[in-house]
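Worksheet: the structure to be examined is printed underneath.
Values in this text are rule-based calculations from the coordinates and carry no lab data. Here the structure is a predicted model, which is why all the values come from computation and not from measurement. Note that we place each Cβ from the backbone using ideal geometry, even for glycine, and neighbour counts take in every protein chain shown.
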Number of protein chains: 2
Amino acid sequence: MNILILSAGTRNKIVEYFVSTLNGTGKVIATDMSSLAPAIYEADKYYIVPKMTSPDYMDTIIDICQKEKIDGVLSLIDPELSLLAKNENLFEAIGTKVIGSAYDLCEMSLDKYQMYLWLKEHQYKCAKSYMDKMDFYKDVENGKITYPVFVKPARGSASIAISKVYDKETVELLFAHDDGLMIQEYLNGQEIGADVYIDMISGQVVSIFTKKKIKMRAGETDKAVSFKDDKLFELIKKFVSEAGYRGQIDIDIFDINGEYYISEVNPRFGGGYPHAYECGADHMNLIVHNLEGNKNECVVGKNYDDGIYMMKYNEIMIQQNR
Amino acid sequence: MNILILSAGTRNKIVEYFVSTLNGTGKVIATDMSSLAPAIYEADKYYIVPKMTSPDYMDTIIDICQKEKIDGVLSLIDPELSLLAKNENLFEAIGTKVIGSAYDLCEMSLDKYQMYLWLKEHQYKCAKSYMDKMDFYKDVENGKITYPVFVKPARGSASIAISKVYDKETVELLFAHDDGLMIQEYLNGQEIGADVYIDMISGQVVSIFTKKKIKMRAGETDKAVSFKDDKLFELIKKFVSEAGYRGQIDIDIFDINGEYYISEVNPRFGGGYPHAYECGADHMNLIVHNLEGNKNECVVGKNYDDGIYMMKYNEIMIQQNR
C-alpha cells in the first residue's frame, strides 16, 4: 500500500500521519515544485516536480505513480483538485485511485458564487452573495442586507487584501481596483470547522469531526475546541450526500443563534485537520481501508471526545544548501 | 539560575530553547493571560496572570520573581517591553535582571515614525516616512517619492489591513477611516532579518545572525537562508552601539542594490529567531552567561554557517478541558 501526496508544501503533519498509519507496511511519497517545501522531508521518498501548470506535469505524476506502484493519490492544494479529478481515468488505468471528489464538485467548491447559488437552490442557510454591486446596493436600500460586508474574490486572489467593508465608498474603490470580486453577507456568529470523511466505496459519511474556532490572532484560527451536536452531524450528512462529495473534505460553517449556515467547502484535508487526528478522528486509516477494497463503518460521533483544545504554534525544519 | 518568560503565547521554541540551555541546572517559568497559550506548557512551571494593562499586573509578576527566585526576566511581546524597562528598579531590588533595552529605546522602537526621525538624524539609509499626507503629496509632485507606498499605523494596529497603496484615492480613503497612519516609502529589495545579542555587561555586540527572507506566502516569511556579510555586520554593530540597545534584538533590513536600509527594530526575540538558534547562534546561553555575572566574548561571524535554509510549518498542541 503506497500513497502519493501531491503539493505537500508545509503540510508536514498530514505526511507524518500517513507515514504513521502505514507504519512500514507501505511507502508515503510526497511531491512539491520546491525543495523548500518542508513536508516532503517527512515522507519516505520525495520528488521535486514541475509547476502544476506545466504541460508535462501530468505525465510526471503518472510516471511516479507507475514507478512507485502508488495505490492512492491526493493533493493538498485547491487548484490541483480539479486537475486530478479530470484525469481520474488516466490514474485508474494504471491502478491508482484518486482520493477526492468529482470534477464538477471541485470546480463548484473553488467558486464561492457558484457554491452560493447551489446552496440557495437546495435551501441551505448561507451568506447572501452578490457579483453585481448594483444588486447589492438595491438590497441595502431595501434593508435586505446591512454593512459591514465582506468583499473578496469569488475565486483566486485579489491584489488588495481588504475584506470587511463598512461603506459604499470602499466597495466602489475595491471594485475599481479588481475584477471577479464578490460581496458577501457578514455572518456574525460562532465559526465552526468540520473535517468529514465520505467513504469512497459506500459513498456514506463515516466520520465527522467538528470544532469551534477560537480567534486569537487577526484573521488566523490558531486555537479551536472540539464539540459534538447531533443536529449539526445530520445537517452535514444531508448536505454532503446531496452534493455528492467523496473522500476527505473540510467545511466552514457558522452558528448564528443555533442555526447553522454553510459557508465554504474545501474538498481536501483542511489546514485544521491535525486537531481531528490528534483527537482520534484518524481519516488516514479510513483512506487506507478504502484503498484495500474495504468499506468503513460509520463512526460519526464516536471517534473523538468533545472539549479538547488545539493550540497551533510554529515549528521549523533546517536544511543545508538546497 | 531561574528564568521567567512573560507573555509566552505561541513562542514554544523560545521556551524550549531556554529549558534545553539550562538543562536541569535551573527552572524556566512562563506566564500568559490565557491558558490557551501553548508555549507555557513547554516550561518547567507556568502561571496564568492578569492582563498586562491590569492594575495588579506588575505586583503579580514581582511576586512570581520573588517566589521562584528569578534571576532574569524577559517578555516576548512589544507592549510589555517598555513596561519592564520602566520598572527595572523594582526588579533589581529583588535580585531580578530585566533582559532588555532601556525605556526610551523600547518606546522609540515601537513608533515607526520616531524611529525614522532617529535614523534620518543619524544618517542611516531608511524608508522615507510621512505622518502628514500633504507633505507626502508634495514630495510625489516633486518626484521625491513614487507609488506604490505603504500606509500603516505608526504604532498599534489599524482597522483596515491594506498596506501597499497605488494611488492618492486609496491614501485618502485610508486616512479618512483611521488615525495615526503613516505613509512609508516602499523599499523594493531583498528583505533581511538580523538576530543580534548585545552583551548586558560589556554593552558590546557579541553575536549577529543574518538571514535573507524568502517570501513564499502572502505577507508571511516562512522560509529564509542564512548568510554572512562583513559590511552588514559592521553596519549593525555601529547602529546598535549608537542607539544603545541591550540584550536580544531583532532588526529588519533591506538590501537595495548592495546598500543596506534599516527598516525596523524589535528589542526582543523575533519570530524568526529559531532559525538562528538551530544554526548555532545560541543566545540563550549568552543570556545565562551574563546573568551569572560573566561577559561574553564576541563571536560575530563565527557561530553559524551560511547557506542554511529554514522552513516553517505548523505544529499543534492538544489539551483537555482548559
Sorting from shortest, the nanometre distances separating the label point of A:THR25 (7 Å past Cα along the line to Cβ) from those of the same residue in the other copies are 4.9
Got the relative contact order for chain B handy, in percent, Cα pairs under 8 Å and 6 or more residues apart? 16
Other copies of B:ASP139: label-to-label distances in nm, shortest first, labels 7 Å along the beta-carbon direction: 4.3
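Quick check on chain B: of the DSSP beta bridges with both residues there, what percent are antiparallel, nearest 5%? Numbers along the way, then the final one.
Working: 41 of 54 bridges.
So the antiparallel bridges amount to about 75 percent of the total.
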Quick one: compute the contact order of segment A:188-311, relative version, from alpha carbon pairs under 8 angstrom and 6+ residues apart, as a percent. 35
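Regarding the protein assembly as shown, what is the average projected area of its C-alpha convex hull, in nm²? Numbers along the way, then the final one.
On the way: hull surface 122.7 nm².
Averaging across all directions leaves 30.7 nm² for the Cα convex hull.
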Paramagnetic reach from B:ASP306 (point 7 Å along Cα→Cβ, amide N under 18 Å) across segment B:179-193: B:190-193
Bin width 10 Å, alpha-carbon pairs only: give the P(r) of segment B:170-250 as whole percents, running from 0 to the bin holding the largest distance. 15, 32, 30, 19, 4
Label position 7 Å from Cα toward Cβ: report the copy-to-copy distances for A:HIS177 in nm, one decimal, ordered from shortest. 0.8
Counting pairwise Cα distances across segment A:62-104, what percent come out greater than 11 angstrom? 61
Report Rg(Cα)/(2.2 N^0.38 Å) for chain B, keeping two decimals. 1.03
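Determine, from the Cβ-Cβ distance of B:MET52 and A:VAL299 and an R0 of 41 Å, the FRET efficiency 1/(1 + (r/R0)^6), rounded to the nearest 0.05.
Computed FRET efficiency for B:MET52 and A:VAL299 comes out at 0.40.
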Quick one: A:CYS298, A:CYS65, B:CYS106, fewest Cβ neighbours within 10 Å first, how do they rank? A:CYS298, A:CYS65, B:CYS106
Which of the pairs A:LYS164/B:LYS164; A:LYS144/A:LYS237; A:LYS112/A:LYS295 have their Cα atoms more than 22 Å apart in this structure? A:LYS144/A:LYS237; A:LYS112/A:LYS295
Limiting things to C-alpha atoms, what are the Rg and the maximum Cα-Cα separation (Dmax) for segment A:3-99, in angstroms? 12.2, 35
Is it possible to state the helix-based mean residue ellipticity at 222 nm for chain B, with each DSSP H run of 4+ residues giving -39500 (n - 2.57), the sum divided by total residues, to the nearest 500 deg cm²/dmol? What is it? -9000 deg cm²/dmol
Need the list of aspartates and glutamates near A:LYS152 for cross-linking: C-alpha distance under 12 angstrom, and skip anything on the same chain fewer than eight residues off. A:ASP111, A:ASP178, A:ASP179, A:GLU185
Rounded to 5, the percent of DSSP beta bridges in the protein assembly as shown classed as antiparallel: 80
Select the chain B residue whose beta carbon lies nearest to the rotation axis carrying chain B onto chain A, and write the distance in whole Å. B:GLU315, 2
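If you take each beta carbon of peptide A:303-311 and count the beta carbons of other chains within 10 angstrom, what is the mean?
Numbers: counts 0, 0, 2, 1, 4, 5, 10, 6, 17.
For this peptide, the per-residue mean of nearby foreign Cβ atoms is 5.
State the percent of C-alpha pairs, over all pairs in segment B:128-185, separated by a distance greater than 18 angstrom. Please report the intermediate quantities before stating the final value.
Numbers: 341 of 1653 pairs.
Cα-Cα pairs of segment B:128-185 separated by over 18 Å account for 21 percent.
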Dipole of segment B:170-304, positive direction: furthest Cα of B:LEU235, B:HIS177, B:HIS275, with charges on the beta-carbon: B:HIS275
Report Rg/Rh for segment A:188-311, rounded to two decimals, where Rg is the Cα radius of gyration and Rh the Kirkwood radius. 0.95
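Mind checking the mean number of beta-carbon atoms from other chains within 10 Å of the Cβ atoms in B:170-181? Don't skip to the answer; put the middle values down first.
Working: counts 7, 0, 2, 7, 3, 0, 3, 4, 0, 0, 0, 0.
Counting other chains' Cβ atoms within 10 Å and averaging over B:170-181 gives 2.
Across peptide B:29-36, what mean number of C-beta atoms from other chains lies inside 10 Å of a residue's C-beta?
Values: counts 0, 0, 0, 0, 0, 4, 2, 9.
Going residue by residue through B:29-36 and averaging, the value is 2.
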I want to verify a result. In a Gaussian network model of chain A, Cα cutoff 10 Å, which of these has the top mean-square fluctuation: A:LEU105, A:LEU291, A:LEU36? A:LEU36
Sorted from fewest to most neighbouring beta carbons within 10 Å, what does the list A:SER34, B:SER35 look like? B:SER35, A:SER34
